[in-house]
Amino acid sequence: MSEQSEAISVERDAIREEMGGADKVARLHAAGRRSARDHIAAFVDAGSFSEVGMFARSERPEDRAGTPGDGKIGGHATVDGRTVSVVADDVTVKRATSSLVGSRKLERIYEQAARAGNPFVYFGETGGARLPDSLSAVGYSSEPVFPWLARRGREIPVAAAIVGDSFGGSSFVAGLADFVVQVRGSTLAVTSPRV
């Protein structure tokens with residue numbers, strides 16, 4: 001294995017295990033909560049998950065080091081042998097706040113699902129928009145918040161599970177989904193009380 005390949009392998013393993021910080025993952029588990037990777041692993045067939053955009057990071061230089069996956073973990077897997085596309089908000093990375101890179105990754109995985117005819121499943125738990133990062137993603141136009149989902153025409157089924165506090169982006173996805181499950185004790189709101 002070359003030095004470069006070994007470095008990539010080490011980084012990949014660290015992202016999988018530590019996500020946005022080993023201490024944050026440990027706090028989730030200590031509180032009896034699942035991480036984004038736990039949600040995906042419990043949902044899909046063992047060993048079937050193929051991740052998209054693992055090495056994506058915020059485009060903002062000051063945030064790059066602390067944003068593995070930029071708050072979204074997603075890809076393609078099987079459930080009972082059937083291919084699905086799945087995304088989970090990673091609260092260990094800036095509370096899974098919506099950002100330009102994370103939003104693009106979410107859209108890309110949805111587009112791949114639509115092309116392949118796969119159901120799209122979303123585990124939502126986000127702290128809303130990451131400012132000023134998300135301003136370049138949404139802008140000030142009259143576009144819908146998730147135009148790719150708002151205009152989808154129901155070509156594939158979309159399911160959402162709200163698994164924690166959901167403000168902003170994950171709530172919009174739930175509002176546009178065909179089927180929504182909300183876990184007891186979770187919150188579903190357009191924005192946080194602080195706003």
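The values are calculated or read from the model by the stated rules, or taken from the named source; none is laboratory data. Values in this document were obtained by computation on a predicted structure and should not be read as measured data. Cβ sites come from the backbone with ideal geometry, for glycine too, and all protein chains shown count toward neighbours. Keep in mind that these areas ignore ligands, DNA and RNA; they rest on the heavy atoms of the full protein, side chains included. Shrake-Rupley method; radii C 1.70, N 1.55, O 1.52, S 1.80 Å.
Data table
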{"quantity": "CD proxy at 222 nm, helix term only [per DSSP H run n ≥ 4: -39500 (n - 2.57); per residue of the chain; nearest 500]", "calculated": "-9500 deg cm²/dmol"}
{"quantity": "Cut-off 12 Å between beta-carbons: net charge of the residues surrounding residue 91, Lys and Arg +1, Asp and Glu -1", "calculated": "+3"}
{"quantity": "Rule-of-thumb Rg ratio for region 13-53 [Cα; 2.2 N^0.38 Å; N residues]", "calculated": "1.21"}
{"quantity": "Net charge contributed by nearby residues that have their C-beta within less than 11 Å of residue 19 (K/R +1, D/E -1)", "calculated": "-2"}
{"quantity": "Amide H within-cut-off set for residue 160, under 5 Å, with H built and near neighbours excluded", "calculated": "122, 179, 180, 181"}
{"quantity": "Amide H within-cut-off set for residue 67, under 5 Å, with H built and near neighbours excluded", "calculated": "58"}
{"quantity": "Neighbour net charge for residue 10 - beta-carbon separation under 15 angstrom, K R +1, D E -1", "calculated": "-4"}
{"quantity": "Calculated Rg and Dmax of the chain using C-alpha coordinates, Å", "calculated": "16.1, 51"}
{"quantity": "Protein accessible area in region 1-123, 1.4 Å probe - carbon and sulfur %", "calculated": "48 percent"}
{"quantity": "Heavy-atom surface of the chain, accessible at 1.4 Å and reported per residue (Å²)", "calculated": "52 Å²"}
{"quantity": "Distance histogram in 5 Å bins (all Cα pairs of region 9-104, percent per bin)", "calculated": "3, 14, 25, 24, 20, 11, 3, 1, 0"}
{"quantity": "For residue 165, distant residues with modelled amide H under 5 Å away", "calculated": "187"}
